[in-house]
1. Would you check if there is a residue in the stretch 177-192 being of a type outside the set (Asp, Glu), modelled with pLDDT of 90 or more and over 29 Å from GLY280 (Cα atoms)?
2. Look through ALA244, ALA275, ALA323 and report the one residue that is out of contact with any Phe, Trp or Tyr (no Cβ under 7 Å at 6 or more places or on another chain) and modelled with pLDDT under 85.
3. Which of the residues that make up the stretch 353-368 are hydrophobic (A, V, I, L, M, F, W, C) and under 22 Å from the mean Cα position of the chain (by Cα)?
4. Any residue in the stretch 78-105 that's at positive phi and surrounded by fewer than 13 Cβ atoms within 10 Å (Cβ to Cβ): show its pairings with residues that are in a strand (DSSP E or B) and not hydrophobic (A, V, I, L, M, F, W, C) at Cβ separation under 6 Å, as long as the two are six or more apart or on different chains.
5. Within the stretch 250-288, track down each residue that is farther than 19 Å from SER235 by Cβ and within 26 Å of the chain's Cα centre (by Cα).
6. Mind listing whichever residues of the stretch 54-66 are loosely packed, with under 15 Cβ neighbours inside 10 Å and either touching a strand residue (DSSP E or B) at 6+ places or on another chain (Cβ under 6 Å) or at pLDDT below 85 (or both)?
7. Do any strands (runs of 3 or more DSSP E) lying entirely in the stretch 48-129 carry at least 1 residues that are closer than 26 Å to ALA145 by Cβ, and which ones are they?
8. Checking the condition at pLDDT 90 or above, under 18 Å from ASP64 (Cβ atoms) and out of contact with any Leu (no Cβ under 6 Å at 6 or more places or on another chain), which residue from VAL122, VAL80 passes?
Amino acid sequence: MTAPVASVLAIVALMVGVAVGLLIARTRRKRVERQPTGPTVAELLQRLVRSSNSGVVVLNRFGDMVLHNPRAYELGLVRVAQADSRARQAAEQVVETDEPMEIDLSPTEARGRQPEAVLAEVRPLGDGFTVVEAVDHSDAVRLEATRRDFVANVSHELKTPVGAIALLTEAVLDAVDDPVEVHRFGTKILRESTRLGQLVTELIALSRLQGAERLPDLNVVEVDAVVREALGRASLSAESAEIAVTTDAASGLLVEGDRTLLVTALSNLLENAVAYSQPGSPVSISRRLSEGSVEIAVTDRGIGIAEEDQQRVFERFYRADKARSRATGGTGLGLAIVKHVAANHGGSVSLWSRQGTGSTFTLRIPAHVGPAERAAAETAAEQLPPPPRQEKNPERTTRLVATGQDSPDHGGQL
């Protein structure tokens, strides 16, 4: 083989080698490009389990934990690095029968603010593995308990005036020939029937307030008109108790809401102040605008409310002074109605009280913002300088800001 021929063959071999190398490199690059860059399915499943709102625990045939999430600790499904003994026993039965079963994992003793009612389902996974999925049903249990208490309270409250009316009617029939006794018993029948009618009316009003989260129609309401009408409703009881109700000057404030409901709420506060005040003591009403809300405060110099009762006075049928409430004909629903009226208007009601000094109930309702005020606010917002630009930093932790009055500040963590 001559030198020129050898050179040509070498060049050809080199070109073939380069071509083959380029082909192999391109093939490998395509394979790399085809590989997914995100998390695998197993990683996604693990994230799903860890973020689940249900407590999840996977057990092997020996009852040892293979997998669990943080929620399992919160629900008491996992304690001291072991699954609940009730869950382990149920898992053994599920492995034998290969059928899912439901168990109650509610705490056997109260431990702070842990869930009160925890129900779980144990399902077989095959090969001796089982999964226990626990769910917190505490809210449903509390709601059912509240419903039972409400029904029991309503039954008792209705039975009392109905029974009194029946007994008084029998007394009237027995004393039919004595006009004085007939008049005395008739007066009591009228009082009990009035109380019964008031109780039914307030029950209907409370059920309507609890049936809708928002008012169907919001109108512009004058706060001064609400105060005047509420004063008119409470004037008779105030005069009977020799209590003078004073008010501050007209404010001209406006709110958005239902005038009838607002008058009812303020009337209940006034009636409550009159009922729990000594004859001749003062009761006052004040109103002001504070941080975008109209505050209407009803202050009395009455007997006051004990600190342990202040958190419960807004509950249905709760009476701090049961004897005085019966004497005044109260139903125990007035403050509950006030609370729900405020909530349905996007507001709130608060209480300050001290025994022997008196009480102040403050009703807060969002103020009405007219077109002029809204335009002024928008103009002021437009004139504000733009916020300074911040450099992007992937390691910077974002802080979450609460948007509601009752929302907690999570401190940048969910």
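The values are calculated or read from the model by the stated rules, or taken from the named source; none is laboratory data. Bear in mind the structure is a predicted one, so any value in this text is a computation, not a measurement. Heads up, the Cβs are rebuilt from the backbone with ideal geometry, glycines too, and the neighbour counts pull from every protein chain shown.
1. no
2. Sole residue among the options that is out of contact with any Phe, Trp or Tyr (no Cβ under 7 Å at 6 or more places or on another chain) and modelled with pLDDT under 85: ALA323.
3. PHE361, LEU363, ILE365
4. Hits for this filter: ASP98/PRO124.
5. Across the stretch 250-288, the qualifying residues are VAL255, GLU256, GLY257, ASP258, LEU261.
6. The answer is VAL66, and nothing else.
7. 55-59, 101-104, 118-126
8. VAL122
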